[in-house]
Amino acid sequence: MLPNIKFNSAKKPLLSSVPFISLGLVFALSSFCVGNTIIFHSEKIIFEVHPDHCHVSGIYTLRNDSPETVRKMLYFPFPEDENLPFPHTICITDADNNPIEYQKGRTGIHFPVKIPSKSATDITITYEQATPGKYFEYILDTTMKWHFPLVSAEFILIVSPEITLEKILPGDYLLIQNGSKSYYRIYRENFRTADNLRLQWSLK
């Protein structure tokens, strides 16, 4: 059943033309960062690995246990690497699939969230990044800055038949072959790590 888990396969419209928003206080956490009044509950991310780029689509669940509505500015970082240029497409949507405006920084993006009291919400972040060095990295080590580990984290890698995946970290994964594509699943509970997700591949 694993090949049917693509929850965000459609390419969403870009938000590069959306006006930048004013920034407030920024909080740093896991794949992105929040303050003490917001709990980063879980994440589910699909990485589609192609010969010259990666398409990433992640659902991030945030929880507000406080008795008041919380509004925060969040930060989503990208690794600084000459082999990983800044993503050329980025889209952020809320739980109702409404676009969220973001501001582009040197190594990441900032965007606002609003979570009603005693509730949870999903934020979807989709981006595409060129990989001229046949290498990809996804930041996870900021989970160590969180007050609490994530309840769960799931990472699905969908590897194009044109490439051979030579390195994958972390290395404990479930591999499923479906036709010409390879699916790698990494699942964690009580999740925090000092290491990032890293991929290296070659062309067949």
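The values are calculated or read from the model by the stated rules, or taken from the named source; none is laboratory data. Since the model is a prediction, treat every value here as computed from it, not as a measurement. With ideal geometry, Cβ positions are generated from the backbone for all residues, glycine too; neighbour counts draw on all protein chains shown.
The rows are residues; the columns are (1) under 16 Å from residue 45 (Cα atoms); (2) crowded, with 17+ Cβ neighbours inside 10 Å.
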residue: 133; (1), (2): no, no
residue: 144; (1), (2): no, no
residue: 152; (1), (2): yes, no
residue: 157; (1), (2): yes, yes
residue: 184; (1), (2): yes, yes
residue: 201; (1), (2): no, yes
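Please go through (1) in contact with a Lys or Arg (Cβ under 7 Å, 6 or more places away or on another chain); (2) of a type in the set (Asp, Glu); (3) at pLDDT below 95 for residue 137 and return the number of the only condition it doesn't satisfy.
(3)
Only one of 37, 61, 69, 89 is of a type in the set (Val, Ile, Thr) and free of Cβ contacts under 8 Å to residues at least 40 places away in the same chain. Can you tell me which?
Sole residue among the options that is of a type in the set (Val, Ile, Thr) and free of Cβ contacts under 8 Å to residues at least 40 places away in the same chain: 37.
Only one residue in 167, 114 is exposed (fewer than 14 other Cβ atoms within 10 Å of the Cβ), basic (Lys, Arg) and within 19 Å of residue 47 (Cα to Cα), so which one is that?
Matching residue, one of 167, 114: 167.
Name the residue that is surrounded by the fewest Cβ atoms within 10 Å (Cβ to Cβ), counting only residues in the range 28-59 that are modelled with pLDDT of 50 or more and of a type in the set (Ser, Thr, Tyr).
Restricting attention to the range 28-59, the residues satisfying the condition of being modelled with pLDDT of 50 or more are 37-59.
Keeping just the survivors that are of a type in the set (Ser, Thr, Tyr) gives 37, 42, 57.
Working: 37: 14, 42: 20, 57: 23.
For the range 28-59, the residue satisfying everything is 37.
Report whether or not residue 182 is at pLDDT 95 or above and not in a loop (DSSP other than H, G, I, E, B).
Working: at pLDDT 95 or above: no; not in a loop (DSSP other than H, G, I, E, B): yes.
So residue 182 fails the test.
Is it true that residue 95 is out of contact with any Cys (no Cβ under 8 Å at 6 or more places or on another chain), farther than 15 Å from residue 58 by Cα and touching a residue at least 12 places away in the same chain (Cβ under 8 Å)?
Taking the combined requirement at face value, the residue does not satisfy it.
Criterion first (touching a strand residue (DSSP E or B) at 6+ places or on another chain (Cβ under 7 Å), part of a strand (DSSP E or B) and over 23 Å from residue 61 (Cα atoms)) does residue 176 satisfy it?
Yes; evaluated as a whole, the condition is true for this residue.
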